[in-house]
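S.K.: Sharing a structure here in structure tokens format.
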Amino acid sequence: MLSWDAQQVARAAGAQLLSSPFAGASGPERVTIDSRDAGPGALFVGLPGERTHGGAFADQALQAGAWGVLTGPEYAGAATTSEPGVRMAAEDPLGALQRLATAWRRHLNAAVIGVTGSTGKTSTKDLLLAVLSTQRMTVASRSNFNTEIGLPLEILAAPGGTQCLVLEMGMRGPGQIAELAAIAEPDVGVIVSVGPVHLESLGTLSAIVAAKAELIAGLEPGATAVLPADEPLLAPYRREDLTTLTFGDGGDVRLAGADDEHVEIDLAGKRIELEVNFTQAHLRRNLLAAAAAAHAVGVTPRGRIELVLSPGRGQRQQLPGGVLLIDDCYNANSMSMRAALDDLDVTAKQRPGSRRVAVLGDMLELGPDAREFHAQIGEYATGRADVLVTVGPLAEAIASRYRGGEHHHAADSTEAAELVRAVMQPDDIVLVKASRGVALERVTSALTAGAPA
């Protein structure tokens, strides 16, 4: 945002410019909502919080050398520091942040791709970055910056010259995807999947589908929707004024062939061959979604696709004793649990003699049928895991229908860290997966302590 002065920033945000001591100076280098990060070049946006209003730290931000502050009038106008800096006020600081992001998105004139889904949205975002960055200047949002606060910050972090902007869009309830789409104004909307997640807040699968489909509704006429070919629940939300590309078996973009290091894709009638560094079936399916979205913005994937997964999304690490760790602990739902267990099973077939150890924790926000969803995972794990370690009160239900090998249970992640280390044997393949609230990163940290990076 270096090209924007204080007046332009205030105008874009719909904020009142209270002071601008930097006459003719360039604009902020970055935007932050954390006063501890508000050093030189930063625009600090003070937002209301659960316990305190971020605007209370406006003075602190200016004293730290921030370019300026944008917050509520009662805080922006009360800044008493003698340090120079821009002060802007808005009755709704979050709305001002979002308006500023939309203005910057328009200024960039980049191709914007919005990605959502019940599972797979982060890996699809990572795949899009890998596919696009070899041909276009591409910025992709960080994995958990997918909310009404995080998404505008990621837009504002995109530098001038950005050609493609890939934005993950999270959803906790109805109306949230619509809000994110209104901020980002995507040219392409990708729905990777729909499934039984967030049932605690949304209640039914049909409500989940409707919430995800807000991305389709938020697209401008002439934009492109990328949808799974095998998802009839999305059919009522299709629009005639959009271009729709489907991916997966029977879709416009589908897998035509594959081996360990290559995939051949039928890309809307054009055959392309890519070299890839992953074999997981769910990642290769998500690659089809990424290829479709890239095609929609005029990029044909080519060459080697070097996927770098976001933390906790299935990274593999070789540990001492020949143990292979699959770190998928960031989040979980019924769909992603099944995909992870499939991956564990397929990986074991490539390593004869290795035990399949599944460390599975609670899946949260599944509503009144949560225990049944967990029990179904126990059935699915039968034949796909030789050792089952369950973590948390809900995960106990997984064991109720598990008919595989040995089973162990831990009350929480701290207990699980000790338990898994005791159970683990040389050459094991260890899958660690649960919802974020279970904090199974304690298990992966315990296993990787002292291991080579």
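S.K.: Could you check how many residues of segment 117-149 are within 25 Å of L94 (Cβ to Cβ) and either among the charged types (D, E, K, R) or surrounded by fewer than 19 Cβ atoms within 10 Å (Cβ to Cβ) (or both)?
M.R.: Number of matching residues: 8.
S.K.: Of the residues that sit in segment 198-207 and are touching a residue at least 40 places away in the same chain (Cβ under 8 Å) and surrounded by 19 or more Cβ atoms within 10 Å (Cβ to Cβ), which one is farthest from V112 (Cα to Cα)? Break it down into steps so the answer makes sense when it comes.
M.R.: Going through segment 198-207, the residues touching a residue at least 40 places away in the same chain (Cβ under 8 Å) turn out to be 198-201, 203.
Applying the additional criterion that residues be surrounded by 19 or more Cβ atoms within 10 Å (Cβ to Cβ) yields 198-199.
Numbers: H198: 26, L199: 29 Å.
Per the criteria, the residue is L199.
S.K.: Can you name every residue in segment 211-262 that is at pLDDT below 95 and either surrounded by 19 or more Cβ atoms within 10 Å (Cβ to Cβ) or under 22 Å from the mean Cα position of the chain (by Cα) (or both)?
M.R.: A211, E231
S.K.: Here is a follow-up. Quickly run through segment 172-194 and pick out the residues that are surrounded by fewer than 20 Cβ atoms within 10 Å (Cβ to Cβ) and more than 19 Å from T244 (Cα to Cα).
M.R.: Those that are surrounded by fewer than 20 Cβ atoms within 10 Å (Cβ to Cβ) and more than 19 Å from T244 (Cα to Cα): R172, G173, P174, G175, Q176, E179, A182.
S.K.: Right, another one. Just to be sure, is S26 over 18 Å from L97 (Cβ atoms), out of contact with any Leu (no Cβ under 7 Å at 6 or more places or on another chain), at pLDDT below 95 and assigned to a loop (DSSP other than H, G, I, E, B)?
M.R.: The answer is no for S26.
S.K.: Sticking with this one: Which strands (runs of 3 or more DSSP E) does segment 380-453 wholly contain that include 2 or more residues that are more than 11 Å from G361 (Cα to Cα)? Outline the logic, then answer.
M.R.: Numbers: elements: 387-391, 406-410, 429-433.
Where strands (runs of 3 or more DSSP E) fall fully within segment 380-453 and carry at least 2 residues being more than 11 Å from G361 (Cα to Cα), they are 406-410, 429-433.
S.K.: Inside segment 357-374, can you point out the residues that are surrounded by 17 or more Cβ atoms within 10 Å (Cβ to Cβ) and of a type outside the set (D, E)?
M.R.: Those that are surrounded by 17 or more Cβ atoms within 10 Å (Cβ to Cβ) and of a type outside the set (D, E): V357, A358, V359, L360, G361, M363, L364, L366, A370, F373, H374.
S.K.: Between D343, D369, which is part of a helix (DSSP H, G or I), closer than 28 Å to I216 by Cβ, in contact (Cβ under 8 Å) with a residue 60 or more places away in the chain and acidic (D, E)?
M.R.: D369
S.K.: I've got another one for you. Return yes when L394 is closer than 28 Å to G321 by Cβ and modelled with pLDDT of 95 or more and no when it is not. Full working, then the answer.
M.R.: Numbers: closer than 28 Å to G321 by Cβ: no; modelled with pLDDT of 95 or more: yes.
Against the criterion (closer than 28 Å to G321 by Cβ and modelled with pLDDT of 95 or more), L394 does not qualify.
The values are calculated or read from the model by the stated rules, or taken from the named source; none is laboratory data. The shown structure was predicted, so the numbers you read here are calculated from the model rather than taken from an experiment. For neighbour counting, all protein chains shown are included, and Cβ atoms are generated from backbone atoms with ideal geometry for every residue, glycine included.
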